[in-house]
Structures are given as C-alpha cells and as structure tokens.
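Below: the structure, in structure tokens.
The values are calculated or read from the model by the stated rules, or taken from the named source; none is laboratory data. Bear in mind that the values here come from a model prediction, so they are computed numbers and not experimental data. All Cβ positions, even for glycine, are placed from backbone atoms using ideal geometry, and neighbour counts span all protein chains on display. In case anyone asks, the SASA skips ligands and DNA or RNA and just uses the protein heavy atoms, side chains included. Shrake-Rupley method; radii C 1.70, N 1.55, O 1.52, S 1.80 Å.
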Amino acid sequence: MPSLSELYQNVILEHNRSPRNFRPMPNADRHADGHNPLCGDQLTVWVRMDGGVLEDVSFQGSGCAISRASASLMTSMVKGKTREEATRLFERFHRLVTGTLPPDQAETLGKLAVFSGVSQFPIRVKCASLSWHTLRAALDEGIKTTT
Ligand code: ZN
C-alpha cells in the first residue's frame with residue numbers, strides 16, 4: 001500500500017498551490033455546486049458552451065489538496081472538448097480512482113493518471129471525483145444563466 005506522501009505527488013501539490021481556471025465566470029451558460037460532506041470539500045463549477053463544445057470551464061471553492069488539484073486538472077482537461085468527450089473522460093477517470101480501469105488505459109488519461117493512487121484510499125475517491133460530478137451536474141441540470 002502506498003503511503004499518503006506518495007499519493008500527494010508533485011503534480012497534485014503543484015495544482016493545489018496554484019490551481020488552474022480558479023475563478024468565477026460571470027458569462028457562464030451554466031453552473032453547479034458540489035459538496036463532499038465526508039471531507040468538507042465544496043466547490044462551484046462554471047461552464048460556457050459553444051455549440052456542443054465546452055468552450056470555457058472554471059471553478060472556485062475550498063477543500064483538501066486532492067479535491068482542488070482534481071478540479072484544476074479537470075477544468076484544464078475538458079476545456080475545448082465536446083460534451084460526449086468530457087463524459088467519456090469522466091467515465092475513465094472514475095474507473096481509475098475506483099481501481100477498475102485496465103492498466104493499459106491509464107495512459108489515455110494523460111496527467112489525470114496521477115490520481116491512480118487514490119484507489120488505495122476509498123475515502124479520497126469522493127475528493128478526487130467531486131469536481132467531475134459537479135461538472136456533470138452543471139451539464140445535465142445546471143442553472144442556465146440567461147444574459
Ligand atoms: Zn477532500
């Protein structure tokens with residue numbers, strides 16, 4: 001079993017220190033709030049769509065290093081992708097953090113593969129997947145902001 005210090009790898013620490021896309025988005029099409037009561041993580045995810053593409057994605061909130069780093073990497077990874085691509089990425093990411101992704105598919109996740117160690121810590125799975133669940137909520141039933 002890996003130690004916690006191994007879990008908090010450099011990529012995670014770095015994204016926690018300076019998260020990407022960490023800002024509110026006044027001109028977002030939709031947003032959703034996510035909350036992980038087990039750890040106390042909470043965040044808001046904003047999305048602006050252009051046709052079927054996630055043109056811009058941002059988040060803000062407070063929580064542990066895993067939840068912040070995951071949200072930072074999530075926003076970076078899904079930006080510019082179609083809704084279907086983002087959904088497929090979430091499915092693979094979820095299998096990664098729950099330990100059910102075949103090892104040969106981990107590479108297709110790029111930097112998200114740093115979260116593979118999370119599968120050893122069930123309580124951290126919700127931290128790592130909170131931003132993804134919130135993104136999906138924003139896409140599926142997010143509050144539409146009309147301008
Ligand atoms: Zn957490």
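So, by mean Cβ neighbours within 10 angstrom, what's the order for 128-135, 89-96 with the highest one leading?
With the highest mean Cβ count within 10 Å placed first, the list reads 128-135, 89-96.
Rank by packing, highest mean first: peptides 11-23, 51-63, with packing defined as the count of other Cβ atoms within 10 Å averaged across residues. Working shown, then result.
Numbers: 11-23: 16.0, 51-63: 17.7.
Ranking the peptides 11-23, 51-63 by packing returns 51-63, 11-23.
By how many degrees, between 0 and 90 and to the nearest 10, does the Cα long axis of helix 83-97 differ from the longest principal axis of the chain?
Tilt relative to the chain: about 20 degrees.
Between segment 23-53 and segment 66-105, how many Å separate their Cα centres?
That distance is 15 Å.
Can you compute the label reach from Gln120? Point 7 Å from Cα along the Cβ direction, backbone N cut-off under 19 Å, restricted to segment 54-86.
Of the residues in segment 54-86, 65-67, 70 have backbone N under 19 Å from the label point off Gln120.
If contacts are Cα pairs under 8 angstrom and at least 6 residues apart, what is the relative contact order of segment 4-146 in percent?
Numbers: 250 pairs, mean separation 43.6, N = 143.
Computed value for segment 4-146: 31 percent relative contact order.
Mind checking the per residue accessible area of the chain for me, 1.4 Å probe, whole number of Å²?
On the way: 7380 Å² over 147 residues.
I get 50 Å² per residue for the chain.
Using a 1.4 Å probe on the protein chains only, how many percent of the accessible area of segment 4-146 belongs to carbon and sulfur? Can you show the working numbers first?
Working: 3510 of 6940 Å².
Of all accessible area on segment 4-146, carbon and sulfur atoms account for 51 percent.
Report D for the chain in µm² per second (integer): Stokes-Einstein, Kirkwood Rh on Cα pairs, 4 °C, 1.567 mPa s.
Details: Rh = 15.1 Å.
This corresponds to a translational diffusion coefficient of 86 µm²/s.
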